[in-house]
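Structure record follows, encoded as structure tokens.
Laboratory data are not the source of any read-out in this text; all were calculated from the coordinates shown. All of these numbers come straight from a predicted model, not from anything done at the bench. Here the Cβ positions follow ideal geometry from the backbone for every residue, glycine too, while neighbour counts run over all protein chains shown.
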Amino acid sequence: MNKTIVFDLGGVLLDWDPRHLYRKLFSDEKELEYFLTEICTPSWNAQMDASKPFQEAIDELIPCYPAYAEQIQAYFTRWKEMMGGAYPDVVDILRELKSQGWPLAALSNWSTETFPRVKEDYEFLEWFDPLILSGELGVAKPDPAIFQHLLQELEVKPQDCLFIDDSFENIREADRQGFDTIHFKSPALLREELMVRELL
């Protein structure tokens, strides 16, 4: 049976980083980091990954930090400027896997409000079957439920999947559920791990 190779998107194939946008909006690096660690935090962003509407979250946050209203609103209106493009070396690996016939799937924490803004920009997003977004399910990694949904979609057992993610927490949960995993750190190390498994 072919092993299904499951990719995370942001941080593995795509360079998504709010700093790409906020370096345009803040001249002071310390203020930028304050904004992203204390105001528009990763945990705040995670609400949208789990299907909370962006504008609802923004409207709740602005009264707490009125001096940053414009920057908070930009998190949604200028969201696409957070994208730094694809990581070409990882896309090359993905292309090689595809050409060798390995089944490919994607499991990503991503809002359904923002994913359509980039879906047509990257051809390789069409190579995944299925491509599962947390925003569609209302639950995000590392919640065990999203991994179970993936297995149901694929109709396979966890040991028949290789899961690749840059988040240690997500890898730890996938390990707990019995997936084969690679904690993504660099394209070169990913290639090595795939070669060891004789997938490349």
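Largest GNM mean-square fluctuation among Ala105, Ala67, Ala140, using the chain with Cα springs under 10 Å: Ala67. A simple charge model with +1 on the Cβ of Lys and Arg, -1 on the Cβ of Asp and Glu and nothing else charged puts the dipole of the chain at about 140 debye relative to its Cα centre. Using R0 = 25 Å, the C-beta based FRET efficiency linking Gln152 and Arg117 works out to 0.35. Could you check which residue among Tyr34, Tyr22, Tyr87 shows the biggest mean-square fluctuation in a GNM of the chain with a 10 Å Cα cutoff? With Cα springs under 10 Å in the chain, the top fluctuation among Tyr34, Tyr22, Tyr87 is at Tyr34. P(r) tail, segment 16-82: Cα-Cα pairs separated by more than 13 Å, 62% of all pairs.
Under a Gaussian network description of the chain, with springs only between Cα atoms under 10 Å, the residue in Asn109, Asn170, Asn45 that fluctuates furthest is Asn45. A cut-off under 9 angstrom between Cβ atoms defines the neighbours of Leu21, and their net charge, with Lys, Arg +1 and Asp, Glu -1, is +3.
Within the shell of other residues whose beta carbon sits under 14 angstrom from the beta carbon of Glu136, the net charge comes to -1, with Lys and Arg scored +1 and Asp and Glu -1.
Can you give the helix-only mean residue ellipticity at 222 nm for the chain, where every DSSP H stretch with n ≥ 4 adds -39500 (n - 2.57) and the sum goes over all residues, rounded to the nearest 500 deg cm²/dmol? Before the final figure, lay out the partial values.
Details: 10 runs with 85 residues, N = 200.
Counting only the DSSP helices, I get -11500 deg cm²/dmol.
Per residue, the convex hull spanned by the Cα atoms of the chain amounts to 117 cubic angstrom.
When you work out D = kT/(6 pi eta Rh) for segment 142-200 at 20 °C and 1.002 mPa s, using the Kirkwood radius from C-alpha pairs as Rh and the Stokes-Einstein form, the result is 180 µm²/s.
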